[in-house]
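Notes follow once the structure below has been shown.
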Amino acid sequence: MRLTILTKNHSTVRQTARPVERGWLATAEARSLIRDMIETMHAANGIGLAAPQIGRSICLVTIAYRDGDLVLANPEILKPSLRRINEEEGCLSVPGVFGLVKRHRSLTVRFLDERGEERELRAEGLFARVIQHEVDHLHGILYIDRTSKFTKGRP
Ligand code: NI
C-alpha cells in the first residue's frame, strides 16, 4: 500500500525518532510497514525514505540500493571520512527544491536488517550521502537545514 509522504512542516518530520526493538522487526506489522515504505519510495522515485516521513516516529529507513532494497533499523554512522563532498540533494518531504549539501565522502553504517540481524556496510559516494540524509531524518533534520545553496535540480 502506498503511504502518504509528509512534508517539511509536519511535526513528525521534525521530531527525533525512537529506536525500534529487534523483536518488533519480525512482526507482521513491521513487515507490512517495510513493504509499504519500499513501495512508497519507488512510487515517488525516491532513493531513500525514513519512517518519520510517513508519520511513524521510529528509526527505520529504506534505501534503493543497487539491485535490491535495503532496510536499516536503528542505523548508526561510524568512521565518517574527514573528506566531505558538496553535492546536490533533494528530499521527498521538500518537493521541487534542491540544494548543495556537504556530506562525508565515505562512512560505515551499523544497523539491524529486516531480519533483526546486526550488519555493517561500508558506503561511499551517493550511497554514503543517502545514508547521512536518512539518518538526519531520524533526528528531525532536513537537508534544507544544512544546505549552502539552493539549486534548480538536475534536468
Ligand atoms: Ni529526505
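The values are calculated or read from the model by the stated rules, or taken from the named source; none is laboratory data. Predicted, not measured: the structure shown is a model, and the values here were computed from it. Neighbour counts run over all protein chains shown; Cβ positions are idealised from the backbone, glycine included.
Some notes on this structure:
- Members of segment 92-125 found to be in a strand (DSSP E or B) and either aliphatic (A, V, I, L, M) or in contact (Cβ under 8 Å) with a residue 60 or more places away in the chain (or both), listed by number: VAL94, PRO95, VAL97, LEU100, VAL101, LEU107, VAL109, LEU112, LEU121, ALA123
- Residues of segment 46-70 that turn out to be modelled with pLDDT of 95 or more, surrounded by fewer than 21 Cβ atoms within 10 Å (Cβ to Cβ) and not basic (Lys, Arg), as a count: 7
- Scanning segment 71-102 for residues that are among the small types (Gly, Ala, Ser), away from the ligand (no atom under 15 Å from the Cβ) and buried (at least 16 other Cβ atoms within 10 Å of the Cβ) yields a total of 1.
- Where a residue in segment 26-50 is over 15 Å from GLU89 (Cα atoms) and its partner, wherever it lies, is part of a strand (DSSP E or B) and more than 15 Å from the ligand (Cβ to nearest atom), with Cβ under 7 Å and at least six apart: ILE34/VAL71; ILE38/ASP69
- Contact map, segment 127-146: first residue outside any helix (DSSP H, G or I), second residue within 8 Å of the ligand (Cβ to nearest atom) and among the small types (Gly, Ala, Ser), Cβ cut-off under 8 Å, separation 6 or more or different chains; pairs are LEU138/ALA50; LEU142/SER93.
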